[in-house]
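Undergrad: Below is one structure. I have some questions about it.
The values are calculated or read from the model by the stated rules, or taken from the named source; none is laboratory data. Nothing here was measured: the structure is a model prediction, and the numbers come from that model. Heads up, the Cβs are rebuilt from the backbone with ideal geometry, glycines too, and the neighbour counts pull from every protein chain shown.
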Amino acid sequence: MTRTRFGDTEVERQIGARIRRRRLQIGISQEALGGEVGVSFQQIQKYERGIDRISASRLLRVVQALGVTPAWLLDGLDADDAAATEPEFDRATRDLLRAFGQIEDPAVKKSVLTIVHALAQTTDTPDKDEDGLPHGRWC
């Protein structure tokens, strides 16, 4: 396993990135997650950055607080493959994931997904405003 600055390894970074992604998906703060797990928000920051390792018992509390299984967090990790690190999402993508995760009706989720797929496949590029957001017939 390759060690990097501050003693963190690629696996810790990958686990931390998954914790952060899930925390953002469900819309809870580092402070709220820390409260559920029994640590400070600063400790959650260290876990998410891969600076500190998470003990097995604390890992179980983290996955319970995030509503996932340990397998979700650990499957597919590759200690030697830096490319396996979870991607960082921009704010719009995080907002979309969070909002989508809050939709409870499976039929509505399916409809939203169908719309997003249709928009992603459009070859016609809409005009965008100064913020890069589409306007006109796309709104």
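This table checks each residue for (1) touching a residue at least 24 places away in the same chain (Cβ under 8 Å); (2) assigned by TED's automatic domain parsing to the domain that holds L73; (3) in contact with a Ser or Thr (Cβ under 9 Å, 6 or more places away or on another chain).
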| position | (1), (2), (3) |
| --- | --- |
| R13 | yes, yes, yes |
| I19 | yes, yes, no |
| R22 | yes, yes, no |
| E31 | no, yes, yes |
| V37 | yes, yes, no |
| S40 | no, yes, no |
| Q43 | no, yes, no |
| Y47 | yes, yes, no |
| I54 | yes, yes, no |
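Undergrad: Do we have any residue at all in the range 110-122 that's at pLDDT below 75, closer than 21 Å to V11 by Cα and either among the charged types (D, E, K, R) or in a loop (DSSP other than H, G, I, E, B) (or both)?
TA: Within the range 110-122, not a single residue is at pLDDT below 75, closer than 21 Å to V11 by Cα and either among the charged types (D, E, K, R) or in a loop (DSSP other than H, G, I, E, B) (or both).
Undergrad: Next up: If you scan the range 34-69, which residues turn out to be under 16 Å from the mean Cα position of the chain (by Cα), assigned to a helix (DSSP H, G or I) and within 18 Å of R13 (Cα to Cα)?
TA: Of everything in the range 34-69, those that are under 16 Å from the mean Cα position of the chain (by Cα), assigned to a helix (DSSP H, G or I) and within 18 Å of R13 (Cα to Cα) turn out to be I44, Q45, K46, Y47, E48, R49, V62, V63, L66.
Undergrad: Right, something else. Restricting to the range 70-108, give me the number of residues that are under 17 Å from E12 (Cα atoms) and modelled with pLDDT of 80 or more.
TA: Qualifying residue count for the region: 7.
Undergrad: Taking the range 7-43 as the search range and keeping residues that are more than 26 Å from I103 (Cβ to Cβ) and hydrophobic (A, V, I, L, M, F, W, C), which one is surrounded by the fewest Cβ atoms within 10 Å (Cβ to Cβ)?
TA: Once the filter is applied, the top-ranked residue is F41.
Undergrad: Among the residues of the range 12-33, what is the count of those that are on the phi < 0 side of the Ramachandran plot and in a loop (DSSP other than H, G, I, E, B)?
TA: Summing the residues that are on the phi < 0 side of the Ramachandran plot and in a loop (DSSP other than H, G, I, E, B) in the range 12-33 gives 2.
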